[in-house]
Amino acid sequence: MTTEWKQNNLLVSTDQRRMDVNAIHAFLTRAYWCEGIPFEVVERAVHHSLCFGLFDGNAQVGLARVVTDYTTFAYLCDVYVLESHRGKGLGRRLVQCVMESSQLQGLRRFNLSTQDAHSLYAEFGFKPLKHPESQMERHKPDIYKSAASGEQSAGPGKS
Ligand SMILES: CC(C)(COP(=O)(O)OP(=O)(O)OC[C@H]1O[C@@H](n2cnc3c(N)ncnc32)[C@H](O)[C@@H]1OP(=O)(O)O)[C@@H](O)C(=O)NCCC(=O)NCCS
């Protein structure tokens, strides 16, 4: 099942075969939230996610990636539009396509994390956590930087 939105030369598509992992990796490896992410990690993540690619002709110029069970829960991440295409409503369009997708209806919880784009997501009903004290996380923000510098990751029970 694929979701598609077309306008002139622009296309948002969930067709997995269209995703250009080279282009996605080229952006993500310099993104503030996953700087240095290896190509193979992006490749696996894209393969195992519901991806909404933004295309200008054949060139991939944006992405929104959803990690989900398609039933109860989804996590929206890796949302970007290339600098050359920003400020034209395409980021909003990507998020709109995600929210309208027939594969993502009826979820109990839809989460995301953002440093500064809260107002974009607020348009689609996202709010700050109501009970942050009840949420927990295991977060390793520097995991790709430490992997690149050859550090070992901590095993279970160590931090
Ligand atoms: C965020 C991003 C996807 C927006 O894409 P875009 O195509 O330029 O956005 P749009 O033209 O659809 O506009 C989005 C709206 O969200 C608002 N917005 C809120 N936070 C924003 C932010 N951090 N960056 C850009 N726009 C933001 C804009 O002001 C705009 O509202 P307006 O039309 O009322 O001015 C793009 O700037 C980007 O790729 N940034 C770098 C990656 C990033 O930070 N991703 C978000 C991770 S959560």
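None of the figures in this text is laboratory data; all of them are computed from the coordinates on show. Predicted model only: the values in this text are computed from it and were never measured. Don't worry about glycine lacking a Cβ; one is built from the backbone with ideal geometry, like all the others, and counts go over all protein chains shown.
With a simple spin-label model that places each label point 7 Å from the Cα along the Cα-to-Cβ direction, the separation between residue 15 and residue 48 comes to 2.6 nm.
Does the chain classify as rounded, prolate or oblate by the C-alpha gyration tensor (a ≥ b ≥ c root eigenvalues; a/c under 1.5 gives rounded; else a/b over b/c gives prolate, otherwise oblate)? Since a/c reaches 1.5 but b/c is at least a/b, the shape of the chain is classed as oblate.
The value of relative contact order for segment 4-147, using C-alpha pairs under 8 Å at least six residues apart, is 21 percent. Whole-Hz Karplus values for segment 83-95 come out as 3, 4, 10, 6, x, 10, x, 7, x, 4, 4, 4, 5 Hz, taken residue by residue from phi with 6.51 cos²θ - 1.76 cosθ + 1.60 and θ = phi - 60°; glycine and proline positions read x.
Tell me the mean residue ellipticity at 222 nm calculated for the chain from its helices only (DSSP H runs of n ≥ 4, each -39500 (n - 2.57), averaged over every residue, nearest 500).
Using -39500 (n - 2.57) per qualifying helix, the result is -6500 deg cm²/dmol.
Taking 35 Å as R0, compute the FRET efficiency from the Cβ-Cβ separation of residue 143 and residue 8 and round it to 0.05.
That pair, residue 143 with residue 8, gives E of 0.35.
Given DSSP loops and a limit of at most 12 other Cβ atoms within 10 Å, what is the longest stretch of the chain that contains no such trypsin sites (Lys or Arg not before Pro)? Free of exposed loop sites, the longest segment is 31-87. Summarising the label geometry, the points placed 7 Å from Cα in the beta-carbon direction at residue 116 and residue 22 lie 3.1 nm from one another.
What the Cβ-Cβ distance of residue 130 and residue 69 gives, at R0 = 35 Å and to the nearest 0.05, is a FRET efficiency of 0.95. In loop segments of segment 45-134 as defined by DSSP, there are no chymotrypsin sites (Phe, Trp or Tyr not before Pro) with at most 12 further C-beta atoms inside 10 Å of their C-beta.
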